[in-house]
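Colleague: Mind looking over this structure? Questions follow.
The values are calculated or read from the model by the stated rules, or taken from the named source; none is laboratory data. The shown structure was predicted, so the numbers you read here are calculated from the model rather than taken from an experiment. Backbone-built Cβ (ideal geometry, glycine too); neighbour counts: all protein chains shown. Areas reflect the complete protein model, heavy atoms only, side chains present, ligands, DNA and RNA absent. Shrake-Rupley method; radii C 1.70, N 1.55, O 1.52, S 1.80 Å.
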Amino acid sequence: MPRNNSFFDDLRNEAITGVAYKNLSLKKQILIRFANTGNATIADLSKELNISTPKTAGLVTELLQDGLVKDYGKTESSIGRRPSLYGLNPHSVFFVGVEVKRFHVNIGLLDFKKNVVKISESIPYRLDNTPEAFRQLCDIIQDFIRILSIKKDKILGIGLNLSGRINSRTGYSYSYFHFGEEPLSNLLEKETGIPVFLENDSRAMAYGEFCHGAVRDEKHILFINMDYGIGMGIMVNGRLYYGRSGFAGELGHIPVFDNEIICHCGKKGCLETEASGEALIRIFLKRIRGGASSIAWKPGRKETAIQLEDIIRAAKQDDVLAIECIAEIGEKLGKGMATLINLYNPELVILGGSLSATGAYIQLPIITAVHKYSLSLVNNDTELKISQLGERAGVIGACLLVRDRLLGLL
Ligand SMILES: [Zn+2]
């Protein structure tokens, strides 16, 4: 009978010391080996992790009893007695990822082997900084968990992505739902009964792409989240970069324009004021007022009813006005990104977020501006790709961040 994930319970138990602690660390190393590289035999594990064969066999047996590891049968190619292959049991534990966007929520479930079990996208929601909006978010999460066909105690954690200033170490969100003394992660944990981990949305998306998407072997990566605002996730040497308090990557708020547009951060001239989805809507409406037409605009419609999604959809249907406005913000964003490329010398820049769905319409003006404004020696090293996971990057990243945080990989 499986011991019901006692490994993860033990990991949280600080009273475990001595030999038991040593065994726990070795089991963690074995799980990390399976998670990073895939299935292995006892002999492989023993050699790679420098643990004796009998000791390795004993630890793997315990992990089998925990239900976390599965026997995948005999290897195929060996001559003589064929050893068994072991690896993570995908259905032993699960992780929930929640991505909160301005007008909808995406929520999903991943198993231990990074397989997407279920994703519910575009659940209607309005992100306001109010207790009511927080209440509604709790309800969405609980409704999702309630209808899952797995037992709740198999969910080891919930990863929640929010835009703005997040301290993922302390669980505080400073831009949304910061109503009292208690960290937001604690409030949500009380509601759901499951440990909650907070992350900045762009960083979680970057992690999703890094582990599951457009990244091959690259280790120096910038992920640009092109949405209503502009966010960034930074990977340095294959690891997420947080900065001192987790606020690194505030690309949207670098002052690059000499304009009088007040950014919602309170300052003016921020990149976000002219190169974000919010700026796109403003530019689009100005053109409409000037007499331009678009399939995204019906006369008599309220200007406030226009959402970013309407313009993206129009561009995908080759609407000229939408494409022109997207090119305009793309050029400005590319100029901002040229600075980043000079600073970071990345191998790969991934263009993600809602606007990445417009593909070449946003990518080409960005590439042109990057070439125009960055040093050619530096930008020659850099590949610019559209996100492969698209709308799923945030949810997958949130789940993987929980998994890898629990395994001590972050
Ligand atoms: Zn700003």
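Colleague: Just to confirm my filter: which helices (runs of 4 or more DSSP H) fall fully inside region 308-398 and include at least 3 residues that are closer than 30 Å to Leu198 by Cβ?
Modeller: 308-316, 320-344
Colleague: Of the residues Gly58, Gly38, Gly97, which single one is open to solvent by 10 Å² or more (accessible area, probe 1.4 Å), touching a strand residue (DSSP E or B) at 6+ places or on another chain (Cβ under 7 Å) and not basic (Lys, Arg)?
Modeller: Being open to solvent by 10 Å² or more (accessible area, probe 1.4 Å), touching a strand residue (DSSP E or B) at 6+ places or on another chain (Cβ under 7 Å) and not basic (Lys, Arg) holds for just one of Gly58, Gly38, Gly97, which is Gly38.
Colleague: Residue check: is Ser149 part of a loop (DSSP other than H, G, I, E, B) and either open to solvent by 30 Å² or more (accessible area, probe 1.4 Å) or not small (Gly, Ala, Ser) (or both)?
Modeller: yes
Colleague: Restricting to region 152-162, what's the tally of residues that are out of contact with any Gly (no Cβ under 6 Å at 6 or more places or on another chain) and surrounded by 14 or more Cβ atoms within 10 Å (Cβ to Cβ)?
Modeller: 7
Colleague: Could we say that Glu199 is outside the structural domain of Ala338 (by TED's automatic domain parsing) and either within 21 Å of Ala35 (Cβ to Cβ) or within 16 Å of the ligand (Cβ to nearest atom) (or both) here?
Modeller: Judged against the criteria, Glu199 is a match.
Colleague: Hey, any hits in region 379-387 for a residue that's buried (at least 24 other Cβ atoms within 10 Å of the Cβ), over 19 Å from Ser163 (Cβ atoms) and out of contact with any Pro (no Cβ under 8 Å at 6 or more places or on another chain)?
Modeller: no
Colleague: Scan region 100-124 for residues that are on the phi > 0 side of the Ramachandran plot and either open to solvent by less than 10 Å² (accessible area, probe 1.4 Å) or not assigned by TED's automatic domain parsing to the domain that holds Ile140 (or both) and jot them down.
Modeller: None - no residue of region 100-124 is on the phi > 0 side of the Ramachandran plot and either open to solvent by less than 10 Å² (accessible area, probe 1.4 Å) or not assigned by TED's automatic domain parsing to the domain that holds Ile140 (or both), so the list stays empty.
Colleague: Check region 202-212 and report whether any residue there is away from the ligand (no atom under 16 Å from the Cβ), among the aromatic types (Phe, Trp, Tyr), more than 12 Å from the chain's Cα centre (by Cα) and open to solvent by 40 Å² or more (accessible area, probe 1.4 Å).
Modeller: No, region 202-212 contains no residue that is away from the ligand (no atom under 16 Å from the Cβ), among the aromatic types (Phe, Trp, Tyr), more than 12 Å from the chain's Cα centre (by Cα) and open to solvent by 40 Å² or more (accessible area, probe 1.4 Å).
Colleague: When you go through Phe144, Phe210 one by one, which is the residue that is touching a Ser or Thr at 6+ places or on another chain (Cβ under 8 Å) and part of a helix (DSSP H, G or I)?
Modeller: Checking each option against the conditions leaves just Phe144.
Colleague: Across region 213-232, which residue is nearest to Lys335 (Cα to Cα) among those that are of a type in the set (D, E, K, R) and buried (at least 16 other Cβ atoms within 10 Å of the Cβ)?
Modeller: The qualifying residue nearest to Lys335 (Cα to Cα) is Asp227.
Colleague: If you don't mind, another one. Could you check region 279-307 and list, in sequence order, the residues that are of a type outside the set (D, E, K, R), within 16 Å of the ligand (Cβ to nearest atom) and farther than 24 Å from Gly249 by Cα?
Modeller: none
Colleague: Going by the conditions given, is Gly73 on the phi > 0 side of the Ramachandran plot, surrounded by 14 or more Cβ atoms within 10 Å (Cβ to Cβ) and not basic (Lys, Arg)?
Modeller: no
Colleague: List the pairs whose first member sits in region 246-269 and is part of a loop (DSSP other than H, G, I, E, B) and at pLDDT 90 or above, whose second member is within 10 Å of the ligand (Cβ to nearest atom) and open to solvent by 80 Å² or more (accessible area, probe 1.4 Å), and whose Cβ atoms are under 7 Å apart, counting only residues at least 6 apart or on separate chains?
Modeller: Asn259/Lys268; Glu260/Lys268; Ile261/Lys268; Lys267/Pro255; Gly269/Pro255
Colleague: Out of region 304-331, which residues are among the aliphatic types (A, V, I, L, M) and within 17 Å of Glu272 (Cβ to Cβ)?
Modeller: Scanning region 304-331 gives Leu308, Ile311, Ile326, Ile329.
Colleague: What are the residues in region 322-359 that are open to solvent by 10 Å² or more (accessible area, probe 1.4 Å) and either farther than 26 Å from Gly249 by Cβ or acidic (Asp, Glu) (or both), if any?
Modeller: Residues satisfying the conditions are Ile323, Glu324, Glu328, Glu331, Glu347.
Colleague: Do you know which residues across region 154-177 are over 20 Å from Ile396 (Cβ atoms) and either outside the structural domain of Val98 (by TED's automatic domain parsing) or touching a residue at least 40 places away in the same chain (Cβ under 8 Å) (or both)?
Modeller: Within region 154-177, Arg165, Asn167, Arg169, Ser175, Tyr176, Phe177 meet the criteria.
Colleague: Would you pick out the residues in region 233-278 that are aliphatic (A, V, I, L, M), within 16 Å of the ligand (Cβ to nearest atom) and surrounded by fewer than 22 Cβ atoms within 10 Å (Cβ to Cβ)?
Modeller: Of everything in region 233-278, those that are aliphatic (A, V, I, L, M), within 16 Å of the ligand (Cβ to nearest atom) and surrounded by fewer than 22 Cβ atoms within 10 Å (Cβ to Cβ) turn out to be Ala248, Ile254, Val256, Ile261, Ile262.
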